[in-house]
Amino acid sequence: MARKLKTYQTSLGFFDLAMAAPSMKAALEAWGADSNLFHQGAAKESDDPDVIAAAMAKPGVVLRRPVGSDGSFSEHAELPTHLGGGGPTKAARKSKGPKAKKPSSRPVDKVAERKAAFDYERERRSRELERATEEAARQKDRERRQQAINKAQAALDKAEQEHAKQAAAIQAEVEAIEKRSQAEKARWDKEKERLEAALRRARG
């Protein structure tokens with residue numbers, strides 16, 4: 001069963017962020033926060049009916065608006081226009097308070113609430129499926145590269161073995177030729193000595 005969603009709000013960088021999520025942990029993960037902004041007082045559950053309505057319309061999606069403003073949240077927001085000012089604007093000071101607006105007195109729409117919860121779950125599963133698909137593609141690419149590496153390494157190893165075999169055969173031939181050369185030199189030296197002795201005898 002899909003968990004009931006709540007709307008959470010914080011400020012990071014140049015933007016105020018808001019999203020409908022089942023827990024503070026889920027919101028922190030979606031925001032990419034590396035610390036617990038709720039414990040630090042930098043994030044809260046929103047009670048602004050406009051913010052809640054915008055977040056519930058797109059559960060699981062991080063919505064933005066320029067930091068310090070009181071405009072509406074959307075998926076794509078422009079950068080703030082008052083970044084160079086000497087101090088916080090009136091809107092920024094107002095947003096820093098514990099409550100920017102009074103809690104909504106409108107009745108809770110249970111059907112819309114359940115729909116938002118199911119939409120969030122669908123969005124979460126879609127993101128998980130996308131990540132799983134990307135990881136499977138990366139794994140397949142790694143396996144393909146590894147197969148190519150193994151094939152190239154096997155070809156190199158085979159070539160090195162063939163080279164070693166050929167080099168050993170050539171070396172054996174060289175040693176055999178050297179041995180025959182030495183034997184021929186010894187035979188010639190002996191034959192030359194005999195023939196020169198015969199020549200000296202003939203000359204008398």
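Any read-out appearing in this document is the output of simple, stated calculations on the displayed coordinates, not a laboratory observation. The model shown is predicted, which means the values in this text are computed figures rather than measured ones. Neighbour counts run over all protein chains shown; Cβ positions are idealised from the backbone, glycine included.
Report the semi-axes of the equivalent ellipsoid for the range 105-181 in whole Å, largest first, where each axis is √(5λ) for an eigenvalue λ of the Cα gyration tensor.
73, 6, 4
Suppose R0 equals 30 Å; then what is the FRET efficiency for Ala202 and Glu178 from their Cβ-Cβ distance, rounded to the nearest 0.05?
About 0.25, to the nearest 0.05.
7 Å from Cα along Cα→Cβ at both Ser74 and Phe118: what's the point-to-point distance in nm?
Roughly 2.9 nm, to one decimal.
Are any of the pairs Lys158/Lys179; Lys44/Lys115; Lys140/Lys165 more than 28 Å apart by Cα-Cα distance, and if so, which?
In this structure, Lys158/Lys179; Lys140/Lys165 exceed 28 Å between Cα atoms.
At what distance in nm do the modelled label points of Lys4 and Lys185 sit from each other, each positioned 7 Å from its Cα along Cα→Cβ?
Going from the Lys4 label point to the Lys185 one covers 10.4 nm.
Calculate, in nm to one decimal, what Ala154 and Asp141 gain on full extension: separation in residues at 0.36 nm each, minus their alpha carbon distance.
The span from Ala154 to Asp141 would gain 2.7 nm if fully extended.
Tally Lys and Arg at +1 and Asp and Glu at -1 over the other residues with C-beta under 11 Å from the C-beta of Phe15: what net charge comes out?
0
Ordered by packing density, taken as the mean number of other Cβ atoms within 10 Å over each peptide's residues, highest first, how do 22-34, 192-204 rank?
22-34, 192-204
Residue by residue through the range 27-35, what is 3J(HN,Hα) from phi via Karplus (6.51 cos²θ - 1.76 cosθ + 1.60, θ = phi - 60°)? Round to whole Hz and write x for glycine and proline.
Values, residue by residue: 5, 4, 5, 5, 6, x, 6, 9, 8 Hz.
Between Leu17 and residues 5 or more places away or on another chain, which pairs have amide H atoms under 5 Å apart, with H built 1.01 Å from N, and which residues are they?
Amide H to amide H, under 5 Å and 5 or more residues apart or across chains, Leu17 pairs with Thr10, Ser11, Leu12.
Rounded, prolate or oblate: pick one for the range 6-74, where a ≥ b ≥ c are the square roots of the eigenvalues of its C-alpha gyration tensor, a/c under 1.5 means rounded, and failing that, prolate if a/b is larger than b/c, else oblate.
Oblate.
Radius of gyration and Dmax for the range 146-204's Cα atoms, expressed in Å?
So, for the range 146-204, Rg and Dmax equal 25.3, 86 Å respectively.
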